[in-house]
Amino acid sequence: MTRLALPRAGGALAAVAFALLFVVQAAPAVKVALDQSRRLEAGRAVLLAAATRDPRDLFRGEYSVLSYEAGQPAGLSASEDLARACGPEPGCRLPGGMTVYVTLTEGADGLHHAAAIAATKPTGTNPFLRGTVRFGSLTRDGGRSPCAGLCFSGAVDYGLERWYGPQGVPADLDRLDRGRIRIRARVDGEGTAILDALLVDGREVARTPRL
């Protein structure tokens with residue numbers, strides 16, 4: 001008598017359990033990728049001048065550390081709400097990790113430049129970046145600063161400071177003249193920015209993939 005090779009119930013259940021476990025584990029990563037794709041498609045584009053240097057990450061490979069004018073402001077016009085983090089003294093250091101909002105204006109060169117910094121989300125029509133103070137201080141201009149009134153100088157991170165590229169590419173970028181590199185970022189209504197593309201001499205050389 002010929003026996004039929006019937007699948008064992010235990011094996012089928014194990015396969016289903018494995019598939020469900022994979023879905024559960026992969027779901028957060030898929031959600032992050034989908035959210036990123038939505039921000040890239042719907043976000044407002046801003047163009048930033050960038051300088052790079054080329055370190056290495058043992059786990060993720062080569063990357064460029066990107067620095068921006070908007071990330072290292074000197075004498076940037078600051079709103080009075082920032083002063084509340086300092087108290088009544090005329091000048092102070094802001095706490096590291098403090099959330100700030102930097103309003104951008106587009107110049108004649110097509111680049112977006114930092115115009116003002118505040119502790120609360122701006123209400124105007126200009127794009128703005130939500131950032132975190134790395135270090136910084138507030139001073140009253142006293143006629144010695146390019147801004148009038150309260151001024152901020154320091155460093156702000158926006159989550160745009162690293163770009164991972166294929167082997168050799170970050171090193172090639174590091175050898176370019178700083179004036180040739182631009183970053184196109186996409187910014188949502190909360191000021192959250194995501195790196196969209198890297199440009200050299202106005203030509204797109206790398207682009208963040210979409211789903």
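The values are calculated or read from the model by the stated rules, or taken from the named source; none is laboratory data. This is a predicted model, so every value here is computed, not measured. Here Cβ is always computed from backbone atoms with ideal geometry, including for glycine, and neighbour counts include all displayed protein chains.
Results, tabulated for the structure shown:
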{"item": "Single match in Arg144, Arg140 (criterion: more than 16 Å from Ala193 (Cα to Cα), at pLDDT below 90 and in contact with a strand residue (DSSP E or B) (Cβ under 7 Å, 6 or more places away or on another chain))", "result": "Arg140"}
{"item": "Residue in the stretch 150-171 that is basic (Lys, Arg) and modelled with pLDDT of 90 or more present", "result": "no"}
{"item": "Residues (within 19 Å of Ala45 (Cα to Cα) and either in contact with a Phe, Trp or Tyr (Cβ under 8 Å, 6 or more places away or on another chain) or among the aromatic types (Phe, Trp, Tyr) (or both)) located in the stretch 79-136", "result": "Tyr101, Val102, Thr103, Leu104, Lys121, Pro122, Phe128, Leu129, Arg130, Gly131"}
{"item": "Only listed residue being assigned to a loop (DSSP other than H, G, I, E, B), under 16 Å from Thr192 (Cβ atoms) and polar (S, T, N, Q), chosen from Thr120, Thr132, Thr125, Thr103", "result": "Thr120"}
{"item": "Any hit, the stretch 21-44, residues being modelled with pLDDT of 55 or more, part of a loop (DSSP other than H, G, I, E, B) and surrounded by 15 or more Cβ atoms within 10 Å (Cβ to Cβ)", "result": "yes"}
{"item": "Residue list for the stretch 153-186, filter: of a type outside the set (Val, Ile, Thr), over 30 Å from Arg140 (Cβ atoms) and assigned to a strand (DSSP E or B)", "result": "Arg162, Trp163, Tyr164, Arg182, Arg184, Ala185, Arg186"}
{"item": "Test: residue in the stretch 190-201 that is more than 15 Å from Val46 (Cβ to Cβ) and within 11 Å of the chain's Cα centre (by Cα)", "result": "no"}
